[in-house]
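Engineer: Quick one: the structure is below, and I'll ask about it shortly.
The values are calculated or read from the model by the stated rules, or taken from the named source; none is laboratory data. The structure presented is a predicted model; accordingly, all values stated were derived computationally and were not measured. When we count neighbours, we look across all protein chains shown, and the Cβ atoms used for this are built from the backbone with ideal geometry, even at glycine.
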Ligand SMILES: [Zn+2]
């Protein structure tokens, strides 16, 4: 008898959707995990002959798929979930969000909001968030302590906030954070200028230079509404994307979020410069901002990833829901049901996100040598029967309450719907306490 290799974890699943190649499904396979990495994906019989594991998970009623990558979030804004609905973006920001932020945003607000958001994301199959908010130092601490993963946005905005008083302080704090986390196994950093209309030319130019020098991505809200484009044309005599090009920001490092108001030349500029576009369909729909022409972008082979935006404009952090909305919206928009298949929607929520982050060699699909960022969803209840195609189920019929288990770099952070690194009762109590404080004004 040959001896089996001892590894950390084996997950044997009814179905595995590896994510690469797009549309592939494996039936009766197992994933072997050691030291946070996938070491093998094999037919279950062969896996059991080759390996023995400390943790063995037999999941014949589950679909296993790559951890979802939420490519645009403001995690701490979860504290403001549902605080102001059914109004346009500028009114929503100027009359509601910004005044509440001015009064309440603090280290504690961000810590509690981040924990609430990460708990929600883990319970809906997300294993990585590309985040942008005040006190990114606190977000990073919560990511570190919970075992979650994030790209922490190094925020730059023209007005003074509790986080920083002026441009020099925003930059000083940004650089200190980038330095602090440069070798962290689960945290990366990116520059996060809020938007072209809230950041001046000088700061944007400075970001372009430093991002290049330090090899950092740049995460920005761009062309969120037609009004943003019109205002830029009247103030700067050019479209926001043209202004960013002049300032040296257009290139493969750029993660352009929203992009609802696009001309043909904007799209060509993104293609030529390998810009990644982050589609946030539910936030755009809810704020009536416009609709990103995803089908056109994908036809041009532009990398399009998916994000929820903050819970204050969505109002959830559910990437399964976001995939379904993205697929349905593209079909409705174009009157063509072939646009954005279920498998393409899953690709946008996984590997396309990893690519936009520059992390596609370690994340975004279930593949030998990649990180073991893995989600299990139970498909044995009435709502899931019968199942002809697991990818169709994942996008068009499943919902996040069916997510049972989540592993982040091999660590079991959601175990049969229980969070293992976050105190759920405390998270709920903190959220209620913030509601009381904000309601009392
Ligand atoms: Zn946003």
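Engineer: If a residue has to be within 24 Å of the chain's Cα centre (by Cα) and more than 16 Å from the ligand (Cβ to nearest atom) to count, how many in the range 246-265 make the cut?
Structural biologist: Within the range 246-265, residues that are within 24 Å of the chain's Cα centre (by Cα) and more than 16 Å from the ligand (Cβ to nearest atom) number 6.
Engineer: Follow-up question, since we're still on this one. Do we find a residue being within 16 Å of the ligand (Cβ to nearest atom), crowded, with 18+ Cβ neighbours inside 10 Å and in contact (Cβ under 8 Å) with a residue 24 or more places away in the chain anywhere in the range 91-98?
Structural biologist: Looking through the range 91-98, at least one residue is within 16 Å of the ligand (Cβ to nearest atom), crowded, with 18+ Cβ neighbours inside 10 Å and in contact (Cβ under 8 Å) with a residue 24 or more places away in the chain.
Engineer: Give 336, 309 a once-over and let me know the one that is touching a helix residue (DSSP H, G or I) at 6+ places or on another chain (Cβ under 8 Å), within 16 Å of the ligand (Cβ to nearest atom) and either at pLDDT 95 or above or within 29 Å of residue 60 (Cα to Cα) (or both). Break it down stepwise before answering.
Structural biologist: Values: 336 fails: within 16 Å of the ligand (Cβ to nearest atom).
So the residue among 336, 309 that is touching a helix residue (DSSP H, G or I) at 6+ places or on another chain (Cβ under 8 Å), within 16 Å of the ligand (Cβ to nearest atom) and either at pLDDT 95 or above or within 29 Å of residue 60 (Cα to Cα) (or both) is 309.
Engineer: A follow-up question, please. Give the residue that is nearest to residue 152 (Cα to Cα), with candidates limited to residues of the range 62-83 that are touching a strand residue (DSSP E or B) at 6+ places or on another chain (Cβ under 6 Å) and more than 15 Å from the ligand (Cβ to nearest atom).
Structural biologist: We begin by selecting, within the range 62-83, every residue touching a strand residue (DSSP E or B) at 6+ places or on another chain (Cβ under 6 Å); these are 62-65, 67-73, 75.
Cutting the leftovers down to more than 15 Å from the ligand (Cβ to nearest atom) gives us 62-65, 67-69.
Numbers: 62: 32, 63: 30, 64: 27, 65: 24, 67: 18, 68: 17, 69: 13 Å.
Within the range 62-83, the match that is nearest to residue 152 (Cα to Cα) is 69.
Engineer: If residue 334 satisfies all but one of (1) crowded, with 16+ Cβ neighbours inside 10 Å; (2) touching a residue at least 24 places away in the same chain (Cβ under 8 Å), what's the number of the condition it fails?
Structural biologist: For residue 334, the exception is condition (1).
Engineer: Does residue 302 meet the test of being more than 13 Å from the ligand (Cβ to nearest atom), over 17 Å from the mean Cα position of the chain (by Cα) and within 14 Å of residue 256 (Cβ to Cβ)?
Structural biologist: It is true that residue 302 is more than 13 Å from the ligand (Cβ to nearest atom), over 17 Å from the mean Cα position of the chain (by Cα) and within 14 Å of residue 256 (Cβ to Cβ).
Engineer: Still on this structure, I have one more. I'd like to check which helices (runs of 4 or more DSSP H) are fully inside the range 101-199 and have at least 1 residues that are under 14 Å from residue 75 (Cα atoms) and touching a residue at least 12 places away in the same chain (Cβ under 8 Å).
Structural biologist: By residue number, 107-122, 136-146.
Engineer: Can I ask one more? For residues in the range 267-292 being over 17 Å from residue 92 (Cβ atoms) and surrounded by fewer than 21 Cβ atoms within 10 Å (Cβ to Cβ), which is nearest to the ligand (Cβ to nearest atom)?
Structural biologist: Top of the filtered list is 291.
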